[in-house]
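Derivation of every value follows stated rules applied to the coordinates shown; laboratory data play no part. Here the structure is a predicted model, which is why all the values come from computation and not from measurement. Glycine also receives a Cβ, built like all others from the backbone with ideal geometry; neighbour counts cover every protein chain displayed.
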Amino acid sequence: MWLAGISVAALAQSLGVKPAPPAFEAASVKVSAPIGGLPGRPRTSGGPGSSDPGRIDYQSITLGSVVQRAYDLPFYRLSAPAWFNIGSTRNATTSTRRFPKALPKSNSVRCLQNLLAERFKLAAHREAKEMPVDELTVAKGGPKFKAWSPDDERKLAEAAANPGSQKVTAGADGYAVLPAGVSFSLINNGHARLRGEKELMPNFAERLSGITGGPVLDATGLKGEYAFTLSWIIPIPGAPAPPPDLDPGPDLFTALQEQLGLKLDAKRAPVEMLVVDHAEKIPVEN
């Protein structure tokens, strides 16, 4: 609605009236019922970028995991009570949320933050804390990967247009053969392969954080977009030993240096955390 060429939002702002915070049209939040005495398997669907952008459905998901999604945080940047933990069964929740429209991610997370404040009385603040980190740097001799090229872009577009070609197969070396558009696979007792496509180094450092289990900070100084493949072994307790004729393969640290010309250096550095000051275990009723 417009009044004399002035939007209602602008008029409200000029009068000192704060606009209503972003909110979902409807939201249901409740404790998930256990299945056979055990928590259900966590499942998420819908939201920005999916085939159902106007609706999000979370099943058997912990409060800690919801907070990570709401604030777009990796697990190591959330400082919260123990009962928030991903493995906690005491706070499994089921929630369905419908957006006013198909919102972009920046608006949808604000809706989710406000829902957490309303239903769980969540209060939090950001704070830098010094902790052990791995710093991603360029090894002696320089990087061993190439810049993203128009040919790489063409192959990626072809793969997106032909999703049936996205089948992952095992190669003779024991690692997955990754088609364009498939970024990671773990097969054959811990043979991990990761593909970088249009990869920015800060994004790659964040991906490594999920593998190492702690903060990885980009200190490479590399500003472009890159293409590469990284192959290494993830130890799996109890897994059978590989055949004698199969190369056991390098660990992640060795693979980074030998294959990409990068390395991880252990440091201590300040990392911005989201610190939870208060939250209720049981959500306000619908």
Greater than 21 Å apart at Cα, pairs in K144/K198; K140/K263; K144/K267: K144/K267
For V271, residues with placed amide H under 5 Å, excluding near neighbours: K129, E130, M131
Spatially proximal aspartates and glutamates relative to K129 (Cα-Cα < 16 Å; intrachain offsets below 8 disregarded): E272, D277
Cross-link reach list, aspartates and glutamates versus K167, counting only Cα pairs under 16 Å and skipping chain neighbours closer than eight places: E158
Nitroxide proxy distance, nm - points 7 Å out along Cα→Cβ at K140 and R154: 4.0 nm
Built amide H within the under 5 Å cut-off of V29, gap 5+: N286
Per-residue ³J(HN,Hα) for region 256-264, Karplus 6.51 cos²θ - 1.76 cosθ + 1.60, θ = phi - 60°, Hz, x for Gly and Pro: 4, 6, 6, 9, 10, x, 10, 8, 10
Distance between modelled label sites at Q59 and F75, nm, 7 Å Cα→Cβ extension: 2.2 nm
Modelled FRET efficiency - R0 22 Å, I282 with E127, Cβ distances, 0.05 increments: 0.25
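I need the shape label for region 186-286. Rule: rounded when a/c is under 1.5, else prolate if a/b > b/c, else oblate, with a, b, c from the alpha carbon gyration tensor. Spell out each step's value before the answer.
Working: a/c = 2.30, a/b = 1.39, b/c = 1.65.
Oblate is the answer for region 186-286, as a/c is 1.5 or above yet b/c matches or exceeds a/b.
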In Hz, Karplus ³J(HN,Hα) per residue of region 116-123 (6.51, -1.76, 1.60; θ = phi - 60°; x = Gly, Pro): 4, 5, 6, 8, 10, 6, 5, 10
Under-5 Å amide H pairs with E225, H placed in peptide plane, nonlocal only: W148
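How high is the FRET efficiency from W83 to S51, r the C-beta distance, R0 35 Å, rounded to 0.05?
On the way: r = 34 Å, r/R0 = 0.96.
With R0 = 35 Å, the Cβ-Cβ based efficiency is 0.55.
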